[in-house]
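The structure under discussion appears below in the form of structure tokens.
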Amino acid sequence: MEKGTCELCRREPVELTVHHLIPKEEGGRFSETANLCIPCHKQIHFLYTNAELALLYATIESLRNAPDFKKFLKWLRKQPASALPRMKKSNRLKRRR
């Protein structure tokens, strides 16, 4: 895995994953991507459905300003770059199944 700076939390050096800003399931296979750390990437998918990501949060800026995600970013920025915190799926998404 490549190491670098997460485009969301801006921590570095962190292992980076590729996040499709418009999920592949929503037609974003060839759309823009962002390099995110594992905690940011997981948290996005634990908080939002693919449809919400495509409609509301298809840019780094919109993700960074999303109310639920903003709280997480504030907390994560205080964690060491090597930290891989445990994540929990939001109750709102758990109920959908």
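The values are calculated or read from the model by the stated rules, or taken from the named source; none is laboratory data. No experiment lies behind these values; they were computed from the predicted model shown. Glycine also receives a Cβ, built like all others from the backbone with ideal geometry; neighbour counts cover every protein chain displayed. These accessible areas exclude ligands, DNA and RNA; they are computed on the full protein's heavy atoms, side chains included. Shrake-Rupley method; radii C 1.70, N 1.55, O 1.52, S 1.80 Å.
Contact map, segment 38-53: first residue over 17 Å from Leu84 (Cα atoms) and of a type in the set (S, T, N, Q), second residue open to solvent by less than 20 Å² (accessible area, probe 1.4 Å) and in a helix (DSSP H, G or I), Cβ cut-off under 8 Å, separation 6 or more or different chains; pairs are Thr49/Leu93. Every listed requirement among (1) modelled with pLDDT under 95; (2) under 13 Å from the mean Cα position of the chain (by Cα) is met by Ala58 save one, (1).
Exactly one residue out of Ala83, Ala66 is free of Cβ contacts under 8 Å to residues at least 40 places away in the same chain and either under 14 Å from the mean Cα position of the chain (by Cα) or at negative phi (or both): that is Ala66.
Matching residues to (1) open to solvent by 80 Å² or more (accessible area, probe 1.4 Å); (2) touching a His at 6+ places or on another chain (Cβ under 9 Å); (3) within 15 Å of Arg10 (Cα to Cα):
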{"site": "Tyr48", "(1), (2), (3)": "no, no, no"}
{"site": "Ile60", "(1), (2), (3)": "no, no, yes"}
{"site": "Ala66", "(1), (2), (3)": "no, no, no"}
{"site": "Phe69", "(1), (2), (3)": "no, no, yes"}
{"site": "Leu73", "(1), (2), (3)": "no, no, yes"}
{"site": "Asn91", "(1), (2), (3)": "yes, no, no"}
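Considering segment 67-91, and only residues there that are basic (Lys, Arg) and touching a helix residue (DSSP H, G or I) at 6+ places or on another chain (Cβ under 9 Å), the residue that is farthest from Tyr57 (Cα to Cα) turns out to be Lys88.
In segment 1-12, the qualifying residues are those that are assigned to a loop (DSSP other than H, G, I, E, B) and more than 16 Å from the chain's Cα centre (by Cα), and the one that is surrounded by the fewest Cβ atoms within 10 Å (Cβ to Cβ) is Met1.
Mind counting the residues in segment 13-29 that are modelled with pLDDT under 95 and either of a type in the set (Val, Ile, Thr) or assigned to a loop (DSSP other than H, G, I, E, B) (or both)? Residues meeting the conditions: 3.
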